[in-house]
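The values are calculated or read from the model by the stated rules, or taken from the named source; none is laboratory data. For clarity, every value in this text was computed on a predicted model and none was experimentally measured. Reconstructed Cβ throughout: ideal geometry from the backbone, glycine too, with neighbour counts over all protein chains shown.
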Amino acid sequence: MSSQPPIGEIQSAVQHAPGVPVIRNINWGGLRTLYIKEVRRFFKVQLQTIWAPAVTTLLYLIIFTTALGGRHAVPVAGQQVPFGDFIAPGLIVMGMMNNAFANASFSLLVGKIQGTIVDYLMPPLSTAELLAALVGGAVTRAVLVGLTVWLAMAIWPGVHVTPHAFFAVIWFGLLGSAFLALLGVLTSIWAEKFDHAAAVTNFVVLPLSLLSGTFYSVDSLAPTFRAISHANPFFYIISGFRYGFLGLADSPVTMGGIVMLAADIAMAVLCYTLLRKGWKLKN
């Protein structure tokens with residue numbers, strides 16, 4: 001006697017005919033799963049990924065307000081702003097951006113180094129879904145760091161971080177975090193070892209962050225250096241985010257918002273193209 005099941009039972013067990021797509025539009029289940037995986041990855045070591053950056057950023061505020069400018073004011077758009085109130089928003093969004101980059105630049109890179117990159121490439125996820133999950137996880141970490149730093153600064157004496165334009169805070173905070181997350185994804189695609197990612201951090205991200213007007217007003221610079229600062233995309237993030245708290249900015253806020261939106265779109269298209277081609281991922 002044959003041990004095979006009847007043909008009718010085999011046909012009833014087949015839910016979809018061969019070649020018929022099961023996921024027709026967006027794989028929400030897969031997208032959500034990868035996003036949760038990215039969040040859980042950094043949340044398991046939250047002491048290092050959330051609390052440590054928050055403490056470091058708060059130390060920047062303490063050191064600069066106490067040692068360098070505790071009693072000084074900074075001119076912004078023709079008005080004098082207390083130094084602590086001036087640098088606090090910049091420190092918040094700088095911490096957000098740095099951690100968004102750190103999170104996104106780790107995901108694919110560690111997969112390539114450990115030989116587990118197939119875990120990202122084999123699941124039934126489109127290129128856009130993969131990119132959205134990676135960026136979403138990095139932005140989530142950035143938001144958590146930003147909220148933690150903001151709460152610490154809110155109770156710090158002598159510093160005022162009450163939002164003035166909540167929409168600007170959300171707009172520039174999210175766009176800035178997404179821009180650095182996309183830069184992190186681009187770095188993780190290009191890099192072949194951790195030294196490459198560290199080089200981008202030390203020679204690209206940190207200089208652009210520190211020279212973006214976080215600790216000084218760009219209007220006080222010489223015309224040449226002021227023009228160079230306006231070519232720095234980080235400058236528009238810092239200036240727009242600071243406007244959300246002070247109501248003052250070193251550059252037109254609307255123009256800065258448009259510039260960052262265009263920069264995010266350009267970075268997303270570049271990352272999407274490289275991911276779709278599998279550059280340095282499938283070789």
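Table for the structure above
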read-out: Filtered residues of the stretch 137-174 (kept if closer than 19 Å to residue 60 by Cβ and among the polar types (S, T, N, Q)); value: 148
read-out: Members of the stretch 154-189 that are assigned to a loop (DSSP other than H, G, I, E, B) and small (Gly, Ala, Ser); value: 158, 165
read-out: Restricting the stretch 194-248 to residues that are of a type in the set (Gly, Ala, Ser) and surrounded by 20 or more Cβ atoms within 10 Å (Cβ to Cβ), the residue that is farthest from residue 154 (Cα to Cα); value: 197
read-out: Test: residue 131 is in a helix (DSSP H, G or I), under 24 Å from residue 172 (Cβ atoms) and among the hydrophobic types (A, V, I, L, M, F, W, C); value: yes
read-out: Filtered residues of the stretch 249-267 (kept if crowded, with 19+ Cβ neighbours inside 10 Å and either over 23 Å from residue 91 (Cβ atoms) or in contact with a Pro (Cβ under 9 Å, 6 or more places away or on another chain) (or both)); value: 259, 260, 263, 267
read-out: Residue count, the stretch 27-71 (criterion: outside any helix (DSSP H, G or I), within 25 Å of the chain's Cα centre (by Cα) and crowded, with 17+ Cβ neighbours inside 10 Å); value: 1
read-out: Residue 75, sole failed condition from (1) in contact with an Asp or Glu (Cβ under 7 Å, 6 or more places away or on another chain); (2) at pLDDT below 90; (3) within 17 Å of residue 30 (Cα to Cα); (4) not small (Gly, Ala, Ser); value: (3)
read-out: The stretch 47-70 residues that are at pLDDT 90 or above, paired with ones that are among the aromatic types (Phe, Trp, Tyr) (beta carbon under 8 Å, 6 or more apart); value: 49/42; 49/43; 50/42; 50/43
read-out: Residue within the stretch 262-269 that is at pLDDT 95 or above, touching a Leu at 6+ places or on another chain (Cβ under 9 Å) and under 21 Å from residue 226 (Cα atoms) present; value: yes
read-out: Residues of the stretch 89-116 classified as out of contact with any Leu (no Cβ under 6 Å at 6 or more places or on another chain) and over 18 Å from residue 270 (Cβ atoms), total; value: 19
read-out: Residue satisfying all of: in the stretch 72-131; under 19 Å from the mean Cα position of the chain (by Cα) and among the aromatic types (Phe, Trp, Tyr); surrounded by the most Cβ atoms within 10 Å (Cβ to Cβ) among these; value: 101
